[in-house]
Each structure stands twice: as structure tokens, then as C-alpha cells.
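These notes concern the structure reproduced below.
Throughout, read-outs are computed from the coordinates displayed, never taken from laboratory work. No experiment lies behind these values; they were computed from the predicted model shown. Backbone-built Cβ (ideal geometry, glycine too); neighbour counts: all protein chains shown.
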Ligand SMILES: CC(C)(COP(=O)(O)OP(=O)(O)OC[C@H]1O[C@@H](n2cnc3c(N)ncnc32)[C@H](O)[C@@H]1OP(=O)(O)O)[C@@H](O)C(=O)NCCC(=O)NCCS
């Protein structure tokens, strides 16, 4: 995934509205693993409440999730992750890499995850993460992603960034519940 690495080491500084602090979007480092895991869990607990069982969401383990993230970040072949930070604290992230779908062309890319600290939903931080990732892609790259069919907020967000449903659906079993998902595609 070297082709998608940002050329500068410092990331992009974005000045937000007067009420909100500045955020920076930069490539993730392995040392971000635990902070990413914390955002990942809090964002799941907010977005999937009512879709997945409370016991499952409340039992998500930050230590195990942090270990998982460290493994991914240590293996760049898996993909590239960008984080958004506010005053050095990770508040969001986006991961992208080769598509894991069986029917995918080898050049197809997949956005594996985009998650924000719930207090920053609607702040523009996710928009900057998405714009940064998309700007790093080869021209006309085909990018897919999966999202829960019921996740209206994420579906709206993806449409805003040029993705549309490609007609493929699947059922994921998560926490003992069957979660219908839809695939979106851009390019
Ligand atoms: C998905 C996510 C990254 C998007 O970031 P965000 O800051 O919330 O996105 P934005 O506010 O820029 O865009 C969301 C859009 O959905 C709209 N929206 C909000 N709630 C909605 C709802 N219940 N139904 C439909 N649209 C909704 C917003 O008004 C906005 O539309 P606009 O751009 O036309 O104003 C963020 O919400 C998040 O982390 N969610 C939890 C994790 C998640 O679901 N990740 C995706 C997994 S596939």
C-alpha cells in the first residue's frame, strides 16, 4: 500500500469553526493502536445501539481491540490507516486496502472502516478523513465498502462522497445477531 502513503510526515492541519478545535489528519502509527481501539469501540457503541445486542456492545474489550489494531498497523500489506487528532488525541480513523471480497477485481480497493468519536459526528472530521484517503488513490480507482443497511447516517455520508449501492447485499453475524449489510461502490 506504499502508493497511498502521504508524502509529507506531518499530516494536514484543518482549522474548524470557532466552537471547535483544530484537527489534523495524518497516517496512523503502530503506537496509535490503543487510541484507535477506544474510538472504534465508542463509535460502535453509539452507531450500533439497537442494531446489535447491548451485552455485546457493552462487552467490547479495548485491550483485545488494541492488540488487533497493533497487528494490522504492523502489517502495511493489510492496508493504510489515517487518523484524525485533536490536541494529539485520536478522534477518528479510516482504513483502506485491497478488497477482501471474493468477487473483487485485484485492483479493487475497500474502505474497511471509518469511525469517529461520537461527540464529533457532524463536525466535518470524517469528511476530511475521507477526502484525504480518496485524494491518495490512483485516478479512477474502484473503491467499495460495506455498511449496515440500517445505518442511515453512514449511508448518507457515503453518498455525499460519491458512493452508491452496487446491489450486493450480505448478512453478517455479529454478537449472535444477523446484521444485513449493503455494499457501496465508487468508480
Ligand atoms: C459514519 C461517520 C464516519 C460519518 O461521519 P459524520 O461526521 O457523522 O458525517 P456527516 O455529518 O458529514 O454526514 C452524515 C450525513 O448524514 C446525515 N444524517 C445524520 N443522521 C442521519 C440519519 N439518522 N438518517 C439519515 N441521514 C442522517 C447528516 O445530516 C449528514 O448529511 P449532510 O452531509 O447532507 O448534512 C460517523 O457518523 C461515524 O463514525 N458513525 C459511527 C460509525 C459508523 O457507522 N461507521 C461506518 C461503518 S460502515
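When both segment 55-80 and segment 106-136 are represented by their alpha-carbon centers, they are found 17 Å apart. Measuring r between the beta carbons of residue 87 and residue 173 and using R0 = 45 Å, the FRET efficiency lands at 0.70.
Here the gap between residue 107 and residue 159, fully extended at 0.36 nm per residue and compared with their Cα-Cα distance, gives a gain of 16.5 nm.
When each of 156, 40, 161, 23 is scored by the number of other beta-carbon atoms lying within 10 Å, the sequence from fewest to most is 156, 161, 40, 23. Dividing the summed helix terms, -39500 (n - 2.57) for each DSSP H run of n ≥ 4, by the number of residues in the chain produces a 222 nm estimate of -8500 deg cm²/dmol to the nearest 500.
Straightening the chain between residue 29 and residue 121 buys 30.8 nm, computed as 0.36 nm per residue apart minus the Cα-Cα spacing. The mean sequence separation of alpha-carbon pairs under 8 Å and at least six residues apart, normalised by the residue count of the chain, gives a relative contact order of 20 percent. In terms of surrounding Cβ atoms within a 10 Å radius of their Cβ, 68, 146 rank from fewest to most as 68, 146.
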